[in-house]
Structure formats: C-alpha cells, structure tokens
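Visitor: The structure is given below, and queries will be raised subsequently.
The values are calculated or read from the model by the stated rules, or taken from the named source; none is laboratory data. What you see is a predicted model; the values in this text were computed from it and never measured. Reconstructed Cβ throughout: ideal geometry from the backbone, glycine too, with neighbour counts over all protein chains shown. Only protein heavy atoms, including side chains, enter the accessible area calculation; ligands, DNA and RNA are left aside. Shrake-Rupley method; radii C 1.70, N 1.55, O 1.52, S 1.80 Å.
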Amino acid sequence: MARVKWDQIAEKFFEGGCSKGMCYSYNSDTKSYDYGEAWNGISGFTDNPSGADEQASYADNIKYISMRGAENYGGTIRCFWYPENFKACLGKKTVAKGVTIAQQARATFGFVVSTQVANDTEGIEAGETIHLVWNASTSPSSKDYTSLNESPSPSELTFEFTANPVEVGKNYKPTCNMEICTVGMDETELAKVEHLKRVLYGADFEEGADDTYFNTVPQTEEEPTNWAADVTAGKYYTKTDSTYSVVASGTAYSSSTQYYKLLEASLPSPAEIITNIFGGSVNTVVPEG
C-alpha cells in the first residue's frame, strides 16, 4: 500500500452555507408528511445529537467491557421568519385572518435544509448535502424585540427541536435523520438526487417529462371539489404511452379517465427514499465503497 498523502489538489473539502429550507406538516389521515412549504429566511441550522454515553463495567481490575446508551437527536433552527404551516408546530392556532392564539397542541413536523460542500478547485460548486429530519417537535422559545436605532437589524428567531426515530427496515435501526451528500456521485446517482428534489420541493412541467415528475397514483374515481379551478390552473395531465398532456381549461371531468398531477412538495419516509428513489433495499445492508 502506497503512503497516504495529505492536502492534495481538489481534496481540500469544507462545508458551509444553509439554504433551501422546507417544512412539512404531518397528515394523520395518510400517515405521511405533505403540505411542504418553503422556509424562507433560514439563517442557520445546528445538528446536535446527544446521548450514546459510555456505560463501563470493570472486572479483573480492568475495564472489562463498555456499552453505549441510546443516541438522541435534536438541533436548532435559526431564522428570520417561518412558513405558515410551522405555526401549528409552535402551538399556535389561527382563529381569524392574522389572529393566532398560543399554548395549543404542538404538531410534529418534517424538515429539510441544504448545505453547500466546497473544495479548493470548484469552490461552493463541489457538491451539496441535503439534511432530512422526521418526527420533530419544538420546545417553547423566547423572542427578543428591540427598538430600531441607527444600525437596525432584523430579529433572529431560534427554535430548538428534538426528534423521535421512525422505522427504516429489517437490517437498520429506526432513525429520524438522513444526510445525502452529492460529492463523488456519478451521473446516474445525481439523477436520483434530482428525482428526490422533485419530490421534496415539488416539480414544474418540462417538455418530455417522464414519470419521475408525476404522482404515481392517478385520480380516476371521484371528481375533486376543486376540479374546475385546478384544471384552469393547469394542474391535471393525461398520459398517452409515455407522453403527458395538460388537461385543457374547461374540460369536463370523466371518471373513466386517468388524471395525473405533478409532484407536490412532500417528505417520503427513510425507507421510501432508500427503495423507491435510490433503488436500495431496507432488508440488505450495502457495504461502503
């Protein structure tokens, strides 16, 4: 084996930045995270796992064995503002336009944020890491309001959260967070990441778009209550062979026709990301490398 070398060109990586925040409401009817909204104004994200403390046992006058306790996961979100669907996560409920009351039940939520990966040759274009969090809840936090002066600055909000693990699969322990780093990925793997982004952020129609842009389950049986408005807005499509066509405004609903909608922002489960998007298996451990 050749001697290792340090600080080679294009191998000096670092991570920073924080953008593309998303907040997902949990839908108790479908048992999934949907209603994803863009989180504008995110200024920072702290990943703060805890626990996993060593529990040592001694015998024969030496440390005989050590075990680790369960690991907990939490963190901090810093921002200048938050999306509308995050209000329920703060224990707030809207009672009239612009009017909310507090001390209500705090809803759980899913959360996604992206950080940039940079190196010495490509700068911040070297890659990105997508951080995904499930089953999170926030603690009450304070807000600091100060008078405007000759050096005004916006008030930064800080929300501490913890998360409880969700099931993954047979050969994995439950988890509440996942990281996807694009550094070193080939074109095939990057295409899978782009598919994931369409699921996380929603999709716009592109000429020649394939099935990865659309919800896989079509609307066929019952006319939606918002059919007329959604058709006018160009939200429904029909499919012939592998080609999608937008349903023309004013088209009458037909229960015998399969109608598709573009992907809307949602947060899949860890198992769905592993199997449906990256083509892995939750029953088989994939070795590194």
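Visitor: Anything in segment 137-175 that is of a type in the set (A, V, I, L, M) and in contact with a helix residue (DSSP H, G or I) (Cβ under 8 Å, 6 or more places away or on another chain)? List them, or say none. So that I can check it myself, show each step before the final result.
Guide: Start the filter on segment 137-175 by keeping residues that are of a type in the set (A, V, I, L, M), which leaves 148, 157, 163, 166, 168.
Across segment 137-175, the qualifying residues are Val166, Val168.
Visitor: Then there's this: Test each condition in (1) under 24 Å from Pro270 (Cα atoms); (2) part of a strand (DSSP E or B) for Val95 and report the one that comes out false.
Guide: For Val95, the exception is condition (1).
Yes/no matrix, rows are residues, columns are (1) part of a helix (DSSP H, G or I); (2) open to solvent by less than 40 Å² (accessible area, probe 1.4 Å); (3) hydroxyl-bearing (Ser, Thr, Tyr):
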site: Ser249; (1), (2), (3): no, no, yes
site: Ser254; (1), (2), (3): no, yes, yes
site: Glu272; (1), (2), (3): yes, no, no
site: Thr275; (1), (2), (3): yes, no, yes
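Visitor: Of all the residues that make up segment 228-257, how many are touching a strand residue (DSSP E or B) at 6+ places or on another chain (Cβ under 8 Å) and closer than 21 Å to Gly202 by Cβ?
Guide: Residues meeting the conditions: 11.
Visitor: What pairs come out if I take residues in segment 1-19 that are on the phi > 0 side of the Ramachandran plot and pair them with residues that are open to solvent by 100 Å² or more (accessible area, probe 1.4 Å) whose C-beta lies under 6 Å away, six or more apart or interchain?
Guide: The qualifying pairs do not exist here.
Visitor: Of all residues in segment 99-116, how many are open to solvent by 10 Å² or more (accessible area, probe 1.4 Å), in a strand (DSSP E or B) and touching a residue at least 60 places away in the same chain (Cβ under 8 Å)? It would help to see each step written out before you state the result.
Guide: Step one: of segment 99-116, the residues open to solvent by 10 Å² or more (accessible area, probe 1.4 Å) are 99-108, 115-116.
Add one more test, that the residue is in a strand (DSSP E or B), and what stays is 99-101, 115-116.
Adding the requirement that they be touching a residue at least 60 places away in the same chain (Cβ under 8 Å) leaves 115-116.
Selection size over segment 99-116: 2.
Visitor: Between Thr158, Thr232, Thr138, which is in contact (Cβ under 8 Å) with a residue 12 or more places away in the chain and buried (at least 16 other Cβ atoms within 10 Å of the Cβ)?
Guide: On the way: Thr158 fails: buried (at least 16 other Cβ atoms within 10 Å of the Cβ); Thr232 fails: buried (at least 16 other Cβ atoms within 10 Å of the Cβ).
Only one candidate passes the filter, namely Thr138.
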